[in-house]
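Derivation of every value follows stated rules applied to the coordinates shown; laboratory data play no part. Please read all numbers here as calculations on a predicted model, not as lab measurements. Positions of Cβ are backbone-derived with ideal geometry, glycine not excepted, and every protein chain shown enters the neighbour counts.
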Amino acid sequence: MLDINDLKKIGTIIQIEDQPYSVVEAQHARAARGRAFVRTKLKNLITGSTLEKTFNASDKVKEADVERIRANFLYRDGEAFVFMENKNYEQFFLSQQILGGQEIFLKDNTEVMLVLFNKQPINIELPKKIELKVVSAPPGVKGNTASGASKVATLETGLDILVPLFINEGDIVRINTEKGEYLERV
C-alpha cells in the first residue's frame with residue numbers, strides 16, 4: 001500500500017478497481033483545518049482515458065503489480081507498434097492510443113522498458129535520452145546569430161524540435177524524451 005505522499009511522483013502506477021493508472025499530475029494541498037490531500041490526474045494504462053481523483057491524507061492506495069521487461073521496438077504495423085522481448089523473443093503489440101505520443105521517439109531497434117500488467121503490455125518507458133538523425137533543417141540565416149538563436153528541424157521519426165542554428169541535415173542529435181527537447185549534437 002502506498003501513502004498519498006507517494007502519489008506526488010509523476011509516473012507512479014497505482015491500481016483502482018483492478019485497473020492500472022499512472023499519475024500524470026499531482027498537487028498537494030491543505031484544507032482549512034489543516035487536513036492534507038492530493039489532487040491527481042490519472043491515466044488509465046489500459047484504456048488511455050484520464051481520471052481526476054482527490055486522495056485524503058488517511059487514504060491508502062494500492063500499488064499496481066506491474067512487471068518491467070527490456071524490449072526492442074521492431075516496426076509499425078498500421079496503428080500497432082510491435083515490440084520484442086530481449087530474453088525470449090516474444091512479440092507484443094501496442095496501439096498508438098496506449099503509447100500516447102511516445103511513438104514519435106521510436107526508431108527501429110530502440111530499447112525500451114515494456115510495462116506489463118497481468119502479463120499484458122500496457123505501456124512503455126523510454127530511455128531518458130535518445131539519438132536521432134536530422135532529416136530536414138533549414139540553413140541558419142546569416143545575421144540571425146543572437147544568443148540562443150534556434151530553428152526548427154525535423155528528425156527521422158517525424159518529430160519537429162528547436163535546435164541551434166549550427167545543426168544541419170544529416171547530423172545526429174541527442175533528445176530528452178521527457179521534455180522532447182534538444183540536448184546536444186552527437
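Full extension of the chain between residue 53 and residue 149 gives 30.4 nm of extra length, using 0.36 nm per residue less the Cα-Cα distance.
Of the trypsin sites (Lys or Arg not before Pro) found in the stretch 103-186, those in coil by DSSP whose Cβ has at most 13 other Cβ atoms within 10 Å are 107, 119, 128, 142, 179. Considering only 58, 95, 49, the Gaussian network model of the chain with Cα springs below 10 Å gives its largest mean-square fluctuation to 58.
A crude spin-label estimate for the pair residue 107 and residue 85, with each label 7 Å from Cα along the Cβ direction, gives 2.8 nm.
Using the Cβ-Cβ distance between residue 119 and residue 157 with R0 set to 30 Å, the FRET efficiency works out to roughly 0.55. Per residue, the Cα convex hull of the chain amounts to 145 Å³. Sorted ascending by nearby beta carbons within 10 Å, beginning with the fewest, 40, 110 become 110, 40. When its C-alpha radius of gyration is set against 2.2 N^0.38 Å (N residues), the stretch 75-173 gives a value of 1.35. The sum of -39500 (n - 2.57) across all DSSP H runs of n ≥ 4, divided by the residue count of the chain, sets its helix-only mean residue ellipticity at 222 nm to -500 deg cm²/dmol. FRET efficiency for the residue 1 to residue 93 pair, using the beta carbon distance and R₀ = 30 Å, is estimated at 0.35. Our summary gives the stretch 129-185 a relative contact order of 40 percent, counting only alpha carbon pairs under 8 angstrom and 6 or more residues apart.
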